[in-house]
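In what follows, a single structure is set out as structure tokens and then discussed.
The values are calculated or read from the model by the stated rules, or taken from the named source; none is laboratory data. Predicted model, so just to flag it, every value in this text is computed and none were measured. Here the Cβ positions follow ideal geometry from the backbone for every residue, glycine too, while neighbour counts run over all protein chains shown.
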Amino acid sequence: MSDLLVVNHLEKTYTIGGGFLGLAPLRGVNAVSDVSFVLRKGETLALVGESGCGKSSVGRCLLRLETPSSGEIHLNGQRIDTLAETELRKLRKSIQVIFQDPFSSLNPRQRIGEVLAEPLRNFGVTSGKDETAARIRKLIEMVGLPADSALRWPHEFSGGQRQRVGIARALAANPDVIVCDEAVSALDVSVKAQVINLLRDLQRETGVALLFISHDLAVVENIAHQVAVMYLGRIVELAPRDTIFERPRHPYTHALLSAVPIPDPTHRRTRVPLQGDLPSPFNPPSGCRFHTRCPLAFDRCRSEVPVLQSVGTQHRAACHLNDLPNAANPMLTPPATPEGAHSQ
């Protein structure tokens, strides 16, 4: 698969402050710090982590809803982070978004047909009423909505159906990349599974690449090809999905996976406790940003920033423990199995 989207050393800092009268001092919040990854055609890369870790800020920079503070973003070989506003119109045809809330993301005063016709007109995908109507019918069929959906209003649909409309709208312009920003988090479990299956089927059919932003590792396991784990603005681990779930090499990834429910009652995971709360992004910890909560932290973690380095085939992690011999690395020591139970 060819490299479709290449992100190098992306940074995003927001300036916050001023107060009601503008007298409070301005402060910078480094929401995204030195983030790099590659998204290939027909692939899904999941960005995972706790709320406030910078996942959505990465997505907004890729969509150019926010201007990156530094770094580079290349789409189809073209650098897009420096494009002027007048040049962004062509870009938006190639990279679309599915929003989190299926209720607020649709205009209640537009019928579904008009919602889908808008990107077709804006990007010149179709010409003439007949071609536009045919494309709308095709989109409605692709996402599994009733044939008469074009004539109906958003309030006539359930949350899952509205999200299908959002997916159809994102597909309308034939994009290369779709950013899914917590696209299933507002849906109940059964509808969530249907939407995930729909996204996978559409990806196989169209070859579109997905940047899937989520905090739900159970969902990520069912859709992602690659997983990037973020903590306080940085990627701390990046690897193929199976590698992340079977052989994680960062304590934060271990902790996230230990909290994922397992449907089989005969299997149990050993929980990895995290100390304290997520630090303030206004004043992130020195050294490794995770050391204040890490149960395995040692002196080096408090003073030296770990580098995202190779720890295996297509596997990178930012943890000083990986510099230790395998026998001395507590992450690689199998946890004790509770009596009468199996560990996983």
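Values computed for the structure shown
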read-out	value
Candidate set: the range 123-132, residues that are in a helix (DSSP H, G or I) and within 24 Å of Arg89 (Cβ to Cβ); chosen: the one modelled with the lowest pLDDT	Lys129
Some residue of the range 83-92 being assigned to a strand (DSSP E or B) and either of a type in the set (Val, Ile, Thr) or touching a strand residue (DSSP E or B) at 6+ places or on another chain (Cβ under 7 Å) (or both)	no
For Gly113: the one exception among (1) modelled with pLDDT of 95 or more; (2) buried (at least 16 other Cβ atoms within 10 Å of the Cβ); (3) in contact with a strand residue (DSSP E or B) (Cβ under 6 Å, 6 or more places away or on another chain)	(3)
Given (1) within 19 Å of Pro175 (Cα to Cα); (2) in contact with a strand residue (DSSP E or B) (Cβ under 9 Å, 6 or more places away or on another chain); (3) modelled with pLDDT under 95; (4) hydrophobic (A, V, I, L, M, F, W, C), number of the condition Cys53 does not satisfy	(1)
Candidate set: the range 93-110, residues that are hydroxyl-bearing (Ser, Thr, Tyr) and either over 26 Å from the mean Cα position of the chain (by Cα) or surrounded by 13 or more Cβ atoms within 10 Å (Cβ to Cβ) (or both); chosen: the one modelled with the highest pLDDT	Ser94
Residue satisfying condition, being within 30 Å of Ser258 (Cα to Cα), in contact with a Ser or Thr (Cβ under 8 Å, 6 or more places away or on another chain) and among the β-branched types (Val, Ile, Thr), within set Val48, Val58	Val48
Cross-chain or 6+ apart pairs with Cβ under 6 Å, the range 99-127 first and within 16 Å of Leu139 (Cα to Cα), then charged (D, E, K, R) and in a loop (DSSP other than H, G, I, E, B)	Ile112/Arg152
Failed item, numbered, when Val260 is tested on (1) assigned to a helix (DSSP H, G or I); (2) loosely packed, with under 15 Cβ neighbours inside 10 Å	(1)
Candidate set: the range 47-88, residues that are among the basic types (Lys, Arg) and crowded, with 17+ Cβ neighbours inside 10 Å; chosen: the one nearest to Arg293 (Cα to Cα)	Lys55
Pairs with Cβ under 8 Å, 6+ apart, first in the range 151-174 and hydroxyl-bearing (Ser, Thr, Tyr), second in a helix (DSSP H, G or I) and surrounded by fewer than 23 Cβ atoms within 10 Å (Cβ to Cβ)	Ser158/Val191
Subset of the range 175-191 [under 14 Å from Ile98 (Cα atoms) and not small (Gly, Ala, Ser)]	Pro175, Asp176, Val177, Ile178, Val179, Cys180, Asp181, Glu182, Val184, Leu187
Residue within the range 118-127 that is of a type outside the set (S, T, N, Q) and crowded, with 19+ Cβ neighbours inside 10 Å present	yes
Members of the range 309-333 that are assigned to a loop (DSSP other than H, G, I, E, B) and surrounded by 19 or more Cβ atoms within 10 Å (Cβ to Cβ)	Ala318, Cys319
Residue in the range 229-237 that is more than 17 Å from the chain's Cα centre (by Cα) and either more than 22 Å from Asn329 (Cβ to Cβ) or modelled with pLDDT of 90 or more (or both) present	no
Failed item in (1) out of contact with any Phe, Trp or Tyr (no Cβ under 6 Å at 6 or more places or on another chain); (2) at pLDDT 85 or above, with Leu332 passing the rest	(2)
